[in-house]
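Please treat every number below as a calculation from the coordinates, not as lab data. All of these numbers come straight from a predicted model, not from anything done at the bench. Neighbour counts run over all protein chains shown; Cβ positions are idealised from the backbone, glycine included.
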Amino acid sequence: MQMLPFNPQGDLPSGVHQATLTEVIERFGHGAPARVVATERLPRVIALAQGTGKLERVFIWGSYVTAKPDPGDVDLFLVMAPDFESHNYPGETRMVFDSATAEHMLGATVFWMASGTGSPTIC
């Protein structure tokens, strides 16, 4: 799927733009060193979440998906299966679901919720 071009402010047009991880990396993963570092972190965080077998959707937003040359990090919102419980996972996987730890250790701002719960769990 071809993502739309940036608007004059360097942002994607409003809305949800579906893409594969490969497409995201091809579009946003090159350029300044900060962008390359953020891109290297992205697949790792997603792989850790996928390793739970409970990942349903990933939303990426913030400066990473703009024309900004030096995004500070990558911002993710993970939608997990209704029966997902973060305390059931050890080590690196558990880090993904603790916002402060994810930012400090994985270089990503991560928010998540279990689908169908009606209220987000933000950790």
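Any residue at all in segment 108-120 that's in contact with a helix residue (DSSP H, G or I) (Cβ under 7 Å, 6 or more places away or on another chain), touching a residue at least 60 places away in the same chain (Cβ under 8 Å) and buried (at least 16 other Cβ atoms within 10 Å of the Cβ)? Please lay out each step first, then the result.
As a first pass, look at segment 108-120 and keep what is in contact with a helix residue (DSSP H, G or I) (Cβ under 7 Å, 6 or more places away or on another chain): 108-111.
Applying the additional criterion that residues be touching a residue at least 60 places away in the same chain (Cβ under 8 Å) yields 108, 110.
Next, from what is left, pick out any that are buried (at least 16 other Cβ atoms within 10 Å of the Cβ): 108, 110.
Yes, segment 108-120 contains a residue that is in contact with a helix residue (DSSP H, G or I) (Cβ under 7 Å, 6 or more places away or on another chain), touching a residue at least 60 places away in the same chain (Cβ under 8 Å) and buried (at least 16 other Cβ atoms within 10 Å of the Cβ).
Output the residue which, of all residues in segment 11-56 that are of a type outside the set (Val, Ile, Thr) and touching a strand residue (DSSP E or B) at 6+ places or on another chain (Cβ under 7 Å), is nearest to Met105 (Cα to Cα). Full working, then the answer.
Taking segment 11-56 and keeping what is of a type outside the set (Val, Ile, Thr), we get 11-15, 17-19, 21, 23, 26-35, 38, 40-44, 47-51, 53-56.
Among the residues that remain, those that are also touching a strand residue (DSSP E or B) at 6+ places or on another chain (Cβ under 7 Å) are: 11, 38, 41-42, 49, 54-56.
Values: Asp11: 28, Ala38: 13, Arg41: 10, Leu42: 13, Ala49: 15, Lys54: 22, Leu55: 20, Glu56: 23 Å.
Per the stated criteria, the residue is Arg41.
Condition first: loosely packed, with under 15 Cβ neighbours inside 10 Å and within 24 Å of Phe6 (Cβ to Cβ). Can you find one or more residues in segment 52-60 that meet it?
yes
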